[in-house]
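Novice: Pasting a structure here, questions to come.
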Amino acid sequence: MSRNAEDLATLIRARAGGDPVRVGLVLGSGLGHLADAVEGVAIPYGDLPGFPGSAVSGHNPKLVIGQLEGTRVAVFGGRAHYYEQGQADAMRLPLEVLKALGGTRLILTNAAGSMRSDIGPGDLMLLSDHINFSGLNPLIGEPTDARFVPMTHAYDSSMRAALSGIADEEGIALPEGIYAWYSGPSFETPAEIRAIRTLGADAVGMSTVPEVILARFLDLRVAAISTITNMAAGMSDERISHEHTKAMAPVGAKKLEKLVRRYLTRD
Ligand code: HPA
């Protein structure tokens, strides 16, 4: 754990209270409103030295610490992406802070394009695995042997089972699928989508994978859910744009919020 993360955890405890956090949540594009549902203390990233100054519209750069459905959570209302500053480890410090605050589990959310005809805009997908199509890695430069993180069971099976069970009970379709990380910020070409599809991916997006690697590095159990905002490039006639992502994300977000709330209630 870096010194900086311990210092930030001390600062956060002074403002938000010292009870340990249990679950961390990272909110993707258009999903930021979940941060407002938490009863607690909101700390702008700007007050947390070293936190990324996420400037992507549709992201809400604040950390909210408090109670959601009776569970103490840390909600990261803004994520930094590789494509902003060329840093694959942009979320390392926030995740180290989660760990320093006592967090043991992490739920990542994102907006993604679908490559499966049975998963469309407004649907959710639970990640079962990923393909790091970017070739980048947030642990490049990490000097310790801990960098050799096993990724065989990266997506936590008991968290996945709990989320799937809740989705069944709520009548929410939650197919499992494989997410490919494409660096962005330009969207993919249809040829790239055909390539990724052929390689076995079900959805594509510009985030999450580096955070999953970092989470496993930090020994956080992790689950990730995509909100499908569009069919991937070349798979439909609709025009892909960030405006469209932001407009569509709230459709799936309602279901996502239900899932996350029920998951936290059970805790
Ligand atoms: N590609 C990459 N990232 C995305 C997409 C997409 O089609 N939709 C939402 N985020």
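Just so it is clear, none of the values below were taken in a lab; they were calculated from the coordinates. Treat the numbers as computed from the prediction; the structure is a model and nothing was measured. Methodologically, a virtual Cβ is constructed for each residue, glycine included, from the backbone with ideal geometry; neighbour enumeration extends over all protein chains shown.
Novice: Within segment 103-128, restricting attention to residues that are closer than 19 Å to residue 32 by Cβ, part of a strand (DSSP E or B) and of a type outside the set (A, V, I, L, M, F, W, C), which residue is farthest from the ligand (Cβ to nearest atom)?
Specialist: Here the answer is 109.
Novice: Let me ask something else. Specify which of the listed residues (233, 195) is of a type in the set (A, V, I, L, M), in contact (Cβ under 8 Å) with a residue 12 or more places away in the chain and either surrounded by fewer than 21 Cβ atoms within 10 Å (Cβ to Cβ) or over 27 Å from residue 101 (Cα atoms) (or both).
Specialist: Answer to the check: 233.
Novice: Next question. Would you call residue 202 acidic (Asp, Glu) and more than 14 Å from the ligand (Cβ to nearest atom)?
Specialist: no
Novice: Among the residues of segment 64-87, are any of a type in the set (Gly, Ala, Ser), closer than 18 Å to residue 209 by Cα and without any contact (Cβ under 8 Å) to a residue 24 or more places away in the chain?
Specialist: Checked segment 64-87: at least one residue is of a type in the set (Gly, Ala, Ser), closer than 18 Å to residue 209 by Cα and without any contact (Cβ under 8 Å) to a residue 24 or more places away in the chain.
Novice: Within segment 206-264, track down each residue that is in a strand (DSSP E or B) and within 16 Å of the ligand (Cβ to nearest atom).
Specialist: Matches in segment 206-264: 224, 225, 226, 227, 228, 229, 230, 231.
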